[in-house]
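A.B. asks: Would you mind keeping the following structure in view while I ask a few things?
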Amino acid sequence: MTDEPTGAAYRIEELAHRSGATVRTIRAYQDRGLLPRPERRGRANLYADTHLARLRQIADLLDRGYTLASIKELLEAWDAGRGLGGVLGLVAEVDGPWTDEEAVRISRAELDERFGGHPDDAAVAEAIALGVLERIPGQEDTFLVPSPQELAVAAELYEAGVPLSAISGHLRELRGQVEHIAARFLEFTAEHVFARYLGDHPPNDADATEAAALVRRLRPLARQTVEAELARAMQLFAHRQLRRHLGVEQPRKDPDGTRTVTLPTETMTLVEGLVGAERAAEFIALAAEREVRARALDALAPRRPQTTEVDEPA
């Protein structure tokens, strides 16, 4: 394509032709603040080379996987005089895949075969709702599997005897807990690492580049930490559960010499009303100790046989 002359002016139809966008798309970009308004000359709205460059820029970012909302933020940073290269690198690191898994396709027949060979429309609908499966437009009997590993785990659990409803319920619960862990990790790193780069104002080019490098370094840390802690916890609880089922479970002693017990809410409310919340634990411990000692004394005290003799009158 030949370069446009400097200072060229285009009507919207010509701009659409040169940029590859539709007239409707150009107007939509204007409404969303992605594209500056045209210059009004008489009765005509005229666009300049800057509009054409902006449209090509938007198209390039869309091809790279950016959303329109992200593109708007990037272009605003560019318009404010901040370098776009570092910001683009940062957004690419954050928006890029956080796993090495690659999505695969699976047919409905293959899916049914992996889960017992019996079609289950309700289970498929639940899997779609959870994002385990994604519909492919125009292909009714083929699905996209974003995480083949997650689907494989579900199939193994089903083969081991876990109902599909229990698997989906477990996934919902697990997802909520994992999202909490992810949110806490991001809060932690944002406070102690990224605060110096991502403050109240959008980062400049150098800060964005440095932040992108940090994302690359820190990205695997959350997964590695969770994997290590999960392995530790699984070993601890699996061993404890096995001992319980074998009948050799011993009372667990905490390192600080205390144990956690469950008390009825009504009992705790009464105790706190009597001695205050800050002394409730001490009161319960002393009361229990007194009861134990009283029973021990009762066991040690000699029991005299009761007599039924009645004094006779002289």
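The values are calculated or read from the model by the stated rules, or taken from the named source; none is laboratory data. What you see is a predicted model, and the numbers here were worked out from it, not measured in a lab. Virtual Cβ from ideal backbone geometry, glycine too; neighbours counted across all protein chains shown. Heavy atoms of the whole protein, side chains included, go into the accessibility calculation; ligands, DNA and RNA do not. Shrake-Rupley method; radii C 1.70, N 1.55, O 1.52, S 1.80 Å.
A.B. asks: Pop out the carbon and sulfur fraction of the accessible area of segment 17-74 as a percent, whole number, probe 1.4 Å.
C.D. replies: Answer for segment 17-74: carbon and sulfur cover 46 percent of the accessible area.
A.B. asks: Could you work out what % of the accessible surface of segment 89-201 is carbon and sulfur, using a 1.4 angstrom probe and leaving DNA, RNA and ligands out of the count?
C.D. replies: Using a 1.4 Å probe with all protein chains present, segment 89-201 comes out at 56 percent carbon and sulfur.
A.B. asks: How far apart, in nm, are two points set 7 Å out from the Cα along the Cα-to-Cβ line at residue 296 and at residue 268?
C.D. replies: Those two pseudo-labels are separated by 2.9 nm.
A.B. asks: Per residue, how much accessible surface does segment 148-213 expose to a 1.4 Å probe? Answer in Å², no decimals.
C.D. replies: Per-residue accessible area for segment 148-213 comes out at 69 Å².
A.B. asks: Okay, next question. Determine the sum of side-chain charges near residue 16: Lys and Arg each +1, Asp and Glu each -1, restricted to other residues whose C-beta is under 12 angstrom from that of residue 16.
C.D. replies: With Lys, Arg at +1 and Asp, Glu at -1, the neighbours total +2.
A.B. asks: Please state the relative contact order of segment 103-192 as a whole percent: Cα pairs under 8 Å, 6+ residues apart?
C.D. replies: 28
A.B. asks: Here's something else I'd like to know. What trypsin sites (Lys or Arg not before Pro) does segment 107-158 have in DSSP loop regions with at most 15 other beta carbons within 10 Å?
C.D. replies: Qualifying residues, ordered by number: none.
A.B. asks: Can you tell me the FRET efficiency between residue 135 and residue 67 if r is taken as the Cβ-Cβ distance and R0 is 22 Å, rounded to the nearest 0.05?
C.D. replies: Calculated value: 0.65.
A.B. asks: Set the Förster radius R0 to 45 Å, insert the Cβ-Cβ distance between residue 166 and residue 289 as r into 1/(1 + (r/R0)^6), and round the FRET efficiency to 0.05.
C.D. replies: Efficiency for this residue pair is about 0.55.
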